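The values are calculated or read from the model by the stated rules, or taken from the named source; none is laboratory data. These numbers come from a predicted model, not from an experiment. As a convention, Cβ positions derive from the backbone with ideal geometry for all residues, glycine included, and neighbour counts pool all protein chains shown.
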Amino acid sequence: MAQENKYCSILYRSKMFHVRRKTLLYLMKKCCLLVGFLLGNIAWSYGQTSFGIKGGVNLTNVDFQKSRGADYQTKVRFNVGALWQKEFNAKLFGRAELLYSLKGTTIALDNAFFRGKGIDEYHYLNLPLLAGYHLTPKFSFVLGPELGYLVYGRENFGDNPKNITAACNKFDLAVAAGISYKIKPSLDLEARYSYGFNNILSYTDYDANGQVVAQVNDGQNRVLQVGVVYYFSKK
């Protein structure tokens, strides 16, 4: 009886975890729609509009709930793109960006099949929709949802690269927060952290008889970005 109660308790906690996760994702999606609606409605009504380009370094890793005997390590990649920013008043602003961003992880394995390091790499188009606040004339803070679309995924162990795009979820949802420092009127230095919610890998493996041997639905992006923003147009 005690064993049965323990099993039921584990099932209940697992169910509640998935319910909370689905609720959080639902709220994040609603937040994306709200931010987009607000930016679209007031974009051309008030303040100064700026356009620019940006680029920088991604210190990227993937958070797997099941390690499968691997050690996942931070990988250095890059991001590059363009942005549009609207000043609503002296303190508040909104920003939309379109970025090409490389994410992933370095994987250290030591088992019967492979000993050494490999990589998982994911190429994304990211659309951060950010609300910003000027803390001082030099420092600013941004926060908001980041939408992602997977363009390409690859895995490489022992110089044996594989296209794993079909094994990945196409869409990603994250929350991004960061701070920037204005070096001069047209140039900012910024740092930002992006915390992903959607699982990257989602696939099922079958044996020769069509029986399921493995189901994988795991891995969320964790990315620290450091880079520069150059504003080349203001209206």
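Assorted remarks:
- Here the condition is being loosely packed, with under 15 Cβ neighbours inside 10 Å and in a strand (DSSP E or B); of Gly132, Gly116, it holds for Gly116 alone.
For every residue, the table says whether it meets (1) surrounded by 15 or more Cβ atoms within 10 Å (Cβ to Cβ); (2) among the basic types (Lys, Arg); (3) at pLDDT below 95.
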site	(1), (2), (3)
Thr136	no, no, no
Glu155	yes, no, yes
Pro161	no, no, yes
Thr165	no, no, yes
Ser180	yes, no, no
Ile183	no, no, no
Ser194	yes, no, no
Asn198	yes, no, yes
Ser202	yes, no, yes
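- Subset tally (residues that are part of a strand (DSSP E or B) and within 22 Å of Pro128 (Cα to Cα)) for the range 66-110: 27
- Taking the criterion of being in contact with an Asp or Glu (Cβ under 9 Å, 6 or more places away or on another chain), more than 16 Å from Ala191 (Cα to Cα) and not aromatic (Phe, Trp, Tyr), the only residue of the range 86-101 that qualifies is Gly94.
- Contact map, the range 55-66: residues that are closer than 13 Å to Asn217 by Cβ paired with residues that are surrounded by fewer than 19 Cβ atoms within 10 Å (Cβ to Cβ) and not β-branched (Val, Ile, Thr), Cβ distance under 6 Å, separation 6+ or inter-chain. Pairs shown: Phe64/Asp218; Gln65/Asp218; Lys66/Asp218.
- For Gly227: the one exception among (1) modelled with pLDDT of 95 or more; (2) loosely packed, with under 15 Cβ neighbours inside 10 Å: (2)
- Applying a threshold of 9 Å to beta carbon distances and a minimum spacing of six or more residues, or different chains, the list of pairs starting in the range 94-123 at a residue that is at positive phi and ending at one that is surrounded by fewer than 19 Cβ atoms within 10 Å (Cβ to Cβ) and not in a strand (DSSP E or B) reads Gly116/Gly158.
- Residue match in the range 159-167 (condition: small (Gly, Ala, Ser), over 21 Å from Leu98 (Cβ atoms), part of a helix (DSSP H, G or I) and out of contact with any Cys (no Cβ under 8 Å at 6 or more places or on another chain)): yes
- Extreme residue, nearest to Asp63 (Cα to Cα), among residues of the range 90-120 that are acidic (Asp, Glu) and at pLDDT below 95: Asp120
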